[in-house]
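Novice: First, the structure itself, so that you have it in front of you.
The values are calculated or read from the model by the stated rules, or taken from the named source; none is laboratory data. This one's a predicted model, so the numbers in the text were calculated from it and none came from an experiment. All Cβ positions, glycine included, derive from the backbone under ideal geometry; neighbour counts span all protein chains shown.
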Amino acid sequence: MDEKPGYMLIRTKEIAIKKPYIQINPPLMTVYFVFDDDKSDSALSWFDAGLPRPLWTTQNPENGHCHHCYKLEIPLCTSEYASIKAIKYAHAIYHAYAVGMGADLSYSHLITKNPLNDQWRTIFWTDKAYSLDYLADFVDLPKKIPKKLEVVGLGRNVTMFEKGRFWAYKAIRDYMHHNSSHQWEKAVRAQMEAFNSEFEQTLPYSEVKATAKSIAKWVWQRFSYGDFSEIQAKRGAKGGAKSKRGPKADSERSKKPWEALGIGQATYYRRKKKGLIK
């Protein structure tokens with residue numbers, strides 16, 4: 001893009017890298033976390049929040065607004081082969097960093113200030129890429145993302161997958177007797193497109209198609225009327241049993257040792273798993 005708001009167009013790399021704004025992440029993959037920080041003194045927001053150095057900061061010299069970019073050591077896949085657990089984890093980390101920096105929580109994570117363009121004041125802080133676990137050690141992850149933020153950034157992928165799979169569990173019963181996986185995949189894709197249209201900033205069609213394919217294939221291969229009834233019965237029984245018993249009096253869950261350490265529960269167990277806490 002030449003300006004915001006403006007017309008977005010997919011161009012060759014030779015042309016794209018000369019533009020002031022660029023799509024930094026490729027389709028179906030998140031390589032970079034980008035944070036949109038519109039404070040006039042935002043160049044060191046990451047430092048003030050006690051966060052690791054970003055790969056770069058691009059600043060508008062006229063108003064001080066910045067984009068901070070972190071590179072992931074292992075790119076996050078958002079195709080049909082993606083792990084929804086990994087996406088949820090990444091989304092929680094991204095949200096915690098955005099809150100810490102005071103960045104825009106509703107940033108679409110699509111177009112960023114091009115660090116190679118002379119229009120911006122660009123500072124390269126490090127050449128390091130970080131793992132999600134390393135990034136997570138600097139923040140307390142939220143137990144739940146606010147409802148209004150489940151429809152922006154990576155939250156859209158999570159929301160679409162969750163809504164899609166619950167719809168598919170029920171809808172599959174109307175398609176199994178046709179014995180046509182092709183018709184089933186078309187139906188799932190149509191439903192995913194409907195869910196995507198509800199987002200203020202929609203996901204690229206490639207990600208919608210990938211999510212639909214993943215859900216359609218998984219549910220089609222594993223569903224049976226007998227198994228479905230059995231699973232529902234076990235879930236009901238398990239839920240009832242849980243409600244009758246609470247945590248043991250001498251368990252970690254009841255003692256909450258993370259409170260004494262001044263850290264979050266997720267951070268406590270993650271550090272314990274690494275052997276950092278005995």
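Novice: Out of (1) over 20 Å from the mean Cα position of the chain (by Cα); (2) in a loop (DSSP other than H, G, I, E, B), what's the single condition that is false for LEU105?
Specialist: Of the numbered conditions (1) over 20 Å from the mean Cα position of the chain (by Cα); (2) in a loop (DSSP other than H, G, I, E, B), the odd one out for LEU105 is (1).
Novice: Could you list all residues from the stretch 195-223 that are more than 19 Å from SER108 (Cα to Cα) and loosely packed, with under 15 Cβ neighbours inside 10 Å?
Specialist: TRP218, GLN221, ARG222
Novice: If you go through the stretch 1-37, how many residues are within 25 Å of LEU76 (Cβ to Cβ) and touching an Asp or Glu at 6+ places or on another chain (Cβ under 9 Å)?
Specialist: Qualifying residue count for the region: 7.
Novice: Report, by residue number, each residue of the stretch 71-112 that is charged (D, E, K, R) and at pLDDT 95 or above. Walk me through it before giving the result.
Specialist: Taking the stretch 71-112 as the starting set, the residues that turn out to be charged (D, E, K, R) are 71, 73, 80, 85, 88, 104.
Within the stretch 71-112, LYS71, GLU73 meet the criteria.
Novice: Further question on the same structure: Filter the stretch 249-271 down to residues that are surrounded by fewer than 17 Cβ atoms within 10 Å (Cβ to Cβ) and either assigned by TED's automatic domain parsing to the domain that holds TYR134 or more than 23 Å from the chain's Cα centre (by Cα) (or both), then give me how many there are.
Specialist: Result for the stretch 249-271: 13.
Novice: Within the stretch 50-64, which residues are more than 21 Å from the chain's Cα centre (by Cα) and surrounded by fewer than 19 Cβ atoms within 10 Å (Cβ to Cβ)?
Specialist: GLY50, ASN60, PRO61, GLU62, ASN63, GLY64
Novice: Please go through the stretch 1-28 and give me each residue that is at pLDDT below 85 and aliphatic (A, V, I, L, M), ordered by number.
Specialist: Selection gives MET1, MET8, LEU9, ILE10.
Novice: Kindly provide the set of residues from the stretch 41-84 that are in a strand (DSSP E or B) and farther than 20 Å from LEU110 by Cα, ordered by number.
Specialist: Matches in the stretch 41-84: none.
Novice: Take LYS19 and tell me if it is among the basic types (Lys, Arg) and outside any loop (DSSP other than H, G, I, E, B). Spell out the reasoning first.
Specialist: Values: among the basic types (Lys, Arg): yes; outside any loop (DSSP other than H, G, I, E, B): no.
No.
Novice: Just checking, does the stretch 33-40 include any residue being of a type outside the set (Asp, Glu), outside the structural domain of TRP218 (by TED's automatic domain parsing) and over 16 Å from SER108 (Cα atoms)? Give the steps one after another, and end with the answer.
Specialist: Filtering the stretch 33-40 down to residues of a type outside the set (Asp, Glu) leaves 33-35, 39-40.
After this cut, where a residue has to be outside the structural domain of TRP218 (by TED's automatic domain parsing) as well, the list is 33-35, 39-40.
Subset that is over 16 Å from SER108 (Cα atoms): 39-40.
The answer is yes; a qualifying residue exists.
Novice: Another question, then. Would you be able to tell me the number of residues in the stretch 194-210 that are closer than 28 Å to ARG173 by Cβ and either among the small types (Gly, Ala, Ser) or modelled with pLDDT of 90 or more (or both)?
Specialist: Qualifying residue count, the stretch 194-210: 3.
Novice: Go through the residues of the stretch 118-129 one by one and say whether even a single one is touching a strand residue (DSSP E or B) at 6+ places or on another chain (Cβ under 7 Å), under 30 Å from GLN265 (Cβ atoms), surrounded by fewer than 21 Cβ atoms within 10 Å (Cβ to Cβ) and modelled with pLDDT of 85 or more. Even if it seems obvious, please write down each step before you answer.
Specialist: Just the residues of the stretch 118-129 that are touching a strand residue (DSSP E or B) at 6+ places or on another chain (Cβ under 7 Å), to begin with: 120-125, 129.
Subsequent filtering for residues that are under 30 Å from GLN265 (Cβ atoms) retains 129.
Now narrow it down to the ones that are surrounded by fewer than 21 Cβ atoms within 10 Å (Cβ to Cβ): 129.
Still in the running and modelled with pLDDT of 85 or more: 129.
Yes, some residue in the stretch 118-129 is touching a strand residue (DSSP E or B) at 6+ places or on another chain (Cβ under 7 Å), under 30 Å from GLN265 (Cβ atoms), surrounded by fewer than 21 Cβ atoms within 10 Å (Cβ to Cβ) and modelled with pLDDT of 85 or more.
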